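Quick notes on the structure that follows.
The values are calculated or read from the model by the stated rules, or taken from the named source; none is laboratory data. All of these numbers come straight from a predicted model, not from anything done at the bench. Note that we place each Cβ from the backbone using ideal geometry, even for glycine, and neighbour counts take in every protein chain shown.
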Amino acid sequence: MENTAINKYISKLFFCIGTASMMLALALALGGCGSSGGTSGTASGSTPGVSIGTVAKSVSSPSGQQITVNNVIFTTAQSSITVNGDPAAAAVVKPGMQATITGSVDGMNGSAVTVEVEGELEGMVEQINSGAGSMVVLGQTVLVNAQTVFEGTSGLSLLSVGQMVEVHGFPDATGVIEATRVEVKMSSRPNYVTGPISNLDTVAKTFTIRTISVDYSGARLPLQTLSNGQTVKVKGAYTNGVLTATSIRAHHVHLDHGHAELEGLVTDYDAAAGTFTLHGQPVQLTSTTSYSHGAASEIANGVKVEVKGDVIDGVFVARKIDVEGDHGLPVHPPITPVTPPTPVTLPGRAAYDANCAGCHILGNYDISGFAPNLSGKGSLVSDKIVVGHKGISLSSQLLTALAAFVNAN
Ligand code: HEC
């Protein structure tokens with residue numbers, strides 16, 4: 001969208017280097033890669049590319065962590081990995097997270113060079129509607145479905161208003177997010193939201209992300225100047241519908257490689273032009289674009305798709321589209337911001353503080369003690385206590401909460 005001539009030139013250059021290195025003679029014979037028609041994705045062998053989508057699996061193997069996104073299993077031994085902008089170990093990448101992977105793909109296998117994991121938002125649960133499968137966090141409606149991965153709780157009905165959650169998923173323009181992962185977090189953490197800037201007012205130092213008003217007068221800013229349409233991650237404190245930013249980071253998807261596989265919700269669909277936008281990237285449909293699990297006629301704003309294709313002259317040309325379905329949303333009434341509730345002290349945290357803290361260490365949460373560090377040892381907790389440990393007895397519900405708490409710290 002915001003491709004300047006230079007950006008286009010750079011994209012084209014990367015595309016040429018990326019896909020044509022092994023076929024240089026061919027590309028030259030065709031008079032430069034821009035005119036080669038972009039059939040590189042079907043060439044055999046490894047193709048450089050980018051994949052954006054939900055982490056379906058993350059398993060450790062003798063050759064390192066393997067992460068599956070868009071049906072491609074990526075090895076990560078050589079990767080640089082970030083989670084919400086911070087360097088992270090591959091094992092931290094979990095199912096349901098949204099990841100952008102660059103690297104190379106050969107059929108079902110890939111080798112990741114970079115893995116960037118970015119959550120959609122983190123904030124306190126303001127409302128829960130278990131019947132409708134939704135909750136409100138930072139004034140945004142978060143929808144869960146059978147595929148949503150939960151961590152720290154087993155589902156929506158066991159969450160409480162006031163708990164802190166991090167949500168990964170697919171947002172639409174109205175602030176409704178289809179959650180692929182919901183994880184219970186410590187209540188003391190800052191709130192954040194990821195999304196495109198709109199209504200930027202550089203005098204009042206405010207902008208909007210979907211339906212959230214941001215006040216950035218006291219924030220640490222990125223090097224780039226802020227502009228409408230730019231995707232940013234804003235961290236801060238949320239009260240009464242306003243996120244008072246402490247820091248803002250630009251989050252940019254670089255589609256400069258040849259092959260691309262993107263999963264997301266269709267926006268800006270233009271049937272006449274045969275174009276739509278996915279993760280801010282313009283997608284071009286052609287007469288040879290093929291469709292599975294659905295038809296071309298089902299493409300509409302808000303429909304979830306997985307698009308495979310090639311970046312040609314900065315434009316992502318769709319070769320194959322898997323129509324994963326309308327996200328089935330009822331029309332939502334506008335959300336009135338509510339006063340954030342008082343934070344809930346997680347039951348697992350309370351149980352730890354009262355019964356275990358005196359002896360044990362727990363990650364960074366509790367660094368003093370003589371007994372083993374319980375971080376990540378949730379699976380041992382129940383058995384240990386049930387057979388009798390230091391005369392402690394806890395209900396099975398508290399043991400489950402305790403296990404989740406020690407795993408999260
Ligand atoms: C009075 C001190 C004390 C208290 C209180 C205590 N523990 Fe322990 N715990 C120990 C010691 C010492 C060990 C190591 C020896 C053993 O395994 O019994 C241990 C071991 C464990 C282990 C095994 C760790 C491993 O790496 O194998 C688990 C799990 C555990 N405790 C959980 C708990 C939980 C959960 C609580 C609170 C509900 C708790 N403990 C309370 C002293 C304590």
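Select from the range 362-378 the residues that are buried (at least 17 other Cβ atoms within 10 Å of the Cβ) and either over 29 Å from the mean Cα position of the chain (by Cα) or of a type outside the set (S, T, N, Q) (or both) and list them in ascending order.
Scanning the range 362-378 gives Leu362, Tyr365, Asp366, Leu374, Gly378.
Provide a single number: the residues in the range 268-285 that are touching a strand residue (DSSP E or B) at 6+ places or on another chain (Cβ under 6 Å) and modelled with pLDDT of 90 or more.
So the answer is 6.
Right, Ser134: more than 21 Å from Val83 (Cβ to Cβ) and surrounded by fewer than 23 Cβ atoms within 10 Å (Cβ to Cβ) or not?
Values: more than 21 Å from Val83 (Cβ to Cβ): yes; surrounded by fewer than 23 Cβ atoms within 10 Å (Cβ to Cβ): yes.
Considered against the rule, which asks whether it is more than 21 Å from Val83 (Cβ to Cβ) and surrounded by fewer than 23 Cβ atoms within 10 Å (Cβ to Cβ), Ser134 comes out as yes.
Checking His252 against (1) outside any loop (DSSP other than H, G, I, E, B); (2) modelled with pLDDT under 90, only one condition comes out false. Which one?
Going through (1) outside any loop (DSSP other than H, G, I, E, B); (2) modelled with pLDDT under 90 one by one, His252 breaks only (1).
Considering each of Val55, Val93 in turn, give the residue that is at pLDDT 90 or above, in contact with a Pro (Cβ under 6 Å, 6 or more places away or on another chain) and not assigned by TED's automatic domain parsing to the domain that holds Ser375.
Just one listed residue meets the conditions, Val55.
Out of the range 132-162, which residues are farther than 24 Å from Thr400 by Cα and assigned to a loop (DSSP other than H, G, I, E, B)?
Ala132, Leu138, Gly139
Name the pairs: first residue in the range 203-231 and on the phi > 0 side of the Ramachandran plot and buried (at least 17 other Cβ atoms within 10 Å of the Cβ), second residue outside any strand (DSSP E or B) and modelled with pLDDT under 95, Cβ to Cβ under 6 Å, at least 6 apart or on different chains?
Short answer, once both residue conditions are applied: Arg210/Gly175.
How many residues does the range 54-93 hold that are among the aliphatic types (A, V, I, L, M) and part of a strand (DSSP E or B)?
Number satisfying all stated conditions: 9.
Yes/no matrix, rows are residues, columns are (1) surrounded by fewer than 22 Cβ atoms within 10 Å (Cβ to Cβ); (2) closer than 21 Å to Glu306 by Cα:
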position	(1), (2)
Val69	no, yes
Ile73	yes, yes
Ser79	yes, no
Asp86	yes, no
Gly96	yes, yes
Ala99	no, yes
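Is it the case that some residue within the range 341-355 is modelled with pLDDT under 90, within 13 Å of the ligand (Cβ to nearest atom) and loosely packed, with under 13 Cβ neighbours inside 10 Å?
yes
One line per residue, one yes/no per condition, for (1) more than 9 Å from the ligand (Cβ to nearest atom); (2) closer than 23 Å to Met164 by Cα:
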| position | (1), (2) |
| --- | --- |
| Asn364 | yes, yes |
| Ala371 | no, no |
| Leu374 | no, yes |
| Lys377 | no, yes |
| Ile385 | no, no |
| Gly388 | yes, no |
| Ser395 | yes, no |
| Ala401 | yes, yes |
| Asn407 | yes, yes |
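When you go through Ser154, Ser213 one by one, which is the residue that is closer than 21 Å to Ser134 by Cα and not aliphatic (A, V, I, L, M)?
Of the residues listed, the single one that is closer than 21 Å to Ser134 by Cα and not aliphatic (A, V, I, L, M) is Ser154.
Go through the range 276-325 and report how many residues are in a loop (DSSP other than H, G, I, E, B) and among the hydrophobic types (A, V, I, L, M, F, W, C). Step through it out loud before you land on a result.
Residues of the range 276-325 that are in a loop (DSSP other than H, G, I, E, B), as a first pass: 279-280, 285-289, 293-295, 299-302, 313-314.
If we keep only those that are among the hydrophobic types (A, V, I, L, M, F, W, C) too, we end up with 285, 295, 299-300.
Counting residues in the range 276-325 that are in a loop (DSSP other than H, G, I, E, B) and among the hydrophobic types (A, V, I, L, M, F, W, C) gives 4.
Can you spot a residue in the range 184-193 that is part of a strand (DSSP E or B) and without any contact (Cβ under 8 Å) to a residue 24 or more places away in the chain?
No - not one qualifying residue is present in the range 184-193.
Using beta carbons and a limit of 6 Å, which pairs, at least six apart or on different chains, have the first residue in the range 376-389 and in a helix (DSSP H, G or I) and the second one within 6 Å of the ligand (Cβ to nearest atom) and modelled with pLDDT of 90 or more?
Qualifying pairs under 6 Å: Val381/Leu402.
Is there any pair linking a residue in the range 104-133 that is without any contact (Cβ under 8 Å) to a residue 60 or more places away in the chain and on the phi > 0 side of the Ramachandran plot to one that is outside any loop (DSSP other than H, G, I, E, B) and crowded, with 16+ Cβ neighbours inside 10 Å, with Cβ under 7 Å and at least six apart or on different chains, and which?
Filtered contacts from the range 104-133: Gly133/Leu143; Gly133/Leu156.
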